[in-house]
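Nothing in this text is a laboratory measurement; each read-out follows from the coordinates by a stated rule. Please read these numbers as outputs of a predicted model, since none were measured by experiment. Don't worry about glycine lacking a Cβ; one is built from the backbone with ideal geometry, like all the others, and counts go over all protein chains shown.
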Amino acid sequence: MSDSSKASESQQTSVSGTAYTDSADQPPMTSGKPALRPWLLFILLALLVVLITVRDDLRQDAAESGEKTVRYFTFDMLGWSPRDLFVWRLRLAGLLDSPLGQRWAQAVERASDQPVEVDGQYRISEVFADDDIEAHVYQISLERGEKLIWQLSRRDTASSRFYASLERHEGDGQGWSTVTALDAEGATRSRVVSSSGDYRIVLQPELFAGLEYSLAIANGGSLPLPVDGALLRDIGSPFGAPRDGGARIHHGVDIFAPKGTPVTAVTDGRVRTGTGGIGGKHVWLTGGMLGLGGARYYYAHLDSFAIESGDSVKKGDVLGHVGNTGNARTTPPHLHFGIYSGGPVDPVPFLKPEPVLPER
């Protein structure tokens, strides 16, 4: 099979070598403007407080923003789980060292000895009894680029707290860290996995609380196949396959399809076209705001383009058509598709069928 790794590597070097400066082109600061007086700052702050007090909508927005900030700092930045906060509450109340407090704090560890193994689709309804102290753990192995979706709902009307989190195993004896806290409002949530490994959903009510819940989980791909009508079985020459007698490896996958089959954008972004190198007619699609800061997707061996270099495209837009240009001229028509994010990444986990939650 053909390969486009040399061309993609040279393209990647030219992009990553571009320097961006924050201050070199900025105009010099002027010293003629007087500093904002303290009393003026005080008046502005007082007006803001009055507005928030009088306007219900502003007060609600401020409360929601503050809650989101606290949740992001606590769970995403510090890696704490909702359970960790409750453990601190038990400690402050002097209950953590009691037999009941210790049993509650160790419930997840006990449940982790025999977690419920999940893969593909899974749905369950369960009950926590108020006279028992336990946790429920649902564990799944995921690859980088896969999407995990879930739906967690409480089926009771009690006001007790329900602690739920998605956690990742760090390996090397580091235990588990919180990826995000989960709500139990019944909405469908999702997460694209940034690193391969073991993940788990941990559920536990507060001490002496009973409740009922339902949980649905599914995993699959996070990107559509970039060739119209293609399936996973149409992928050949996998990522990492040796090339030139082992001198290099394949930095993408080859998706075989008839010549002229439309090739589509897997995400919103900006495109840059090229016609040289072993990739022949090729396209770089860069995601992220203004085409900066996101992953880059490489489409090679195209027969023709449907866009022009510099265009902005939407997910699903046609970029070109399958061909065998470049060093693929002696092979059946196919698209060489690569993903680059801090280096080449295996596209197959991204391209698995989209996850769908099981029906009730």
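Divide the volume of the convex hull of the Cα atoms of segment 299-360 by its number of residues and quote the answer in cubic angstrom per residue.
Per-residue hull volume (Cα only) is 158 Å³.
Which three lengths, in whole Å and largest first, does segment 82-138 cover when its Cα atoms are put on their principal axes?
42, 21, 18
Report the full-extension gain for the segment Gln102 to Trp88: residue separation times 0.36 nm, less the Cα-Cα distance, to one decimal in nm.
Between Gln102 and Trp88, full extension yields an extra 3.8 nm.
Please report the net charge: other residues with Cβ closer than 15 Å to the Cβ of Ala111, K and R +1, D and E -1. Let's see the in-between values first.
Numbers: positive: Arg83, Arg103, Arg110, Arg200; negative: Glu109, Asp113, Glu117, Glu126, Asp132, Glu134, Glu167, Asp198.
Its environment carries a net charge of -4.
Taking amide H atoms as placed 1.01 Å from N in the peptide plane, list the residues 5 or more away in sequence, or in a different chain, whose amide H sits under 5 Å from that of Asp156.
Glu212
Please give me the summed charge of the neighbours of Leu142: other residues whose Cβ is under 14 Å from its Cβ, Lys and Arg +1, Asp and Glu -1.
Residues close to Leu142 contribute a combined charge of -1.
Could you work out the Rg to Rh ratio of segment 132-261, with Rh taken as the Kirkwood radius (inverse of the mean 1/r over all Cα pairs)?
On the way: Rg = 20.4 Å, Rh = 17.9 Å.
On the Cα set of segment 132-261, Rg over Rh gives 1.14.
Would you calculate the separation in nanometres between label points at Ala129 and Thr330, each defined as 7 Å from the Cα along the Cα-to-beta-carbon direction?
Label at Ala129, label at Thr330, 7.2 nm between them.
Taking the alpha-carbon set of segment 246-360, what are its Rg and Dmax in Å?
Rg, Dmax (Cα atoms, Å): 14.6, 53.
With the Cα gyration tensor of segment 135-208 giving a ≥ b ≥ c as the square roots of its eigenvalues, does the rule (a/c under 1.5 for rounded; else a/b larger than b/c for prolate; else oblate) give rounded, prolate or oblate? Before the final figure, lay out the partial values.
Numbers: a/c = 3.03, a/b = 1.56, b/c = 1.94.
Oblate, since a/c reaches 1.5 and b/c is not below a/b.
Peptides 299-305, 101-107, 318-324: what's the order by average Cβ count within 10 Å, highest mean first?
Per-residue mean Cβ counts within 10 Å order the peptides as 299-305, 318-324, 101-107.
Would you grab the residues whose amide H sits under 5 Å from the one on Thr264? Only those 5+ places off in sequence or on another chain, please, with H modelled 1.01 Å from N.
Result for Thr264 returns Val227, Asp228, Leu319.
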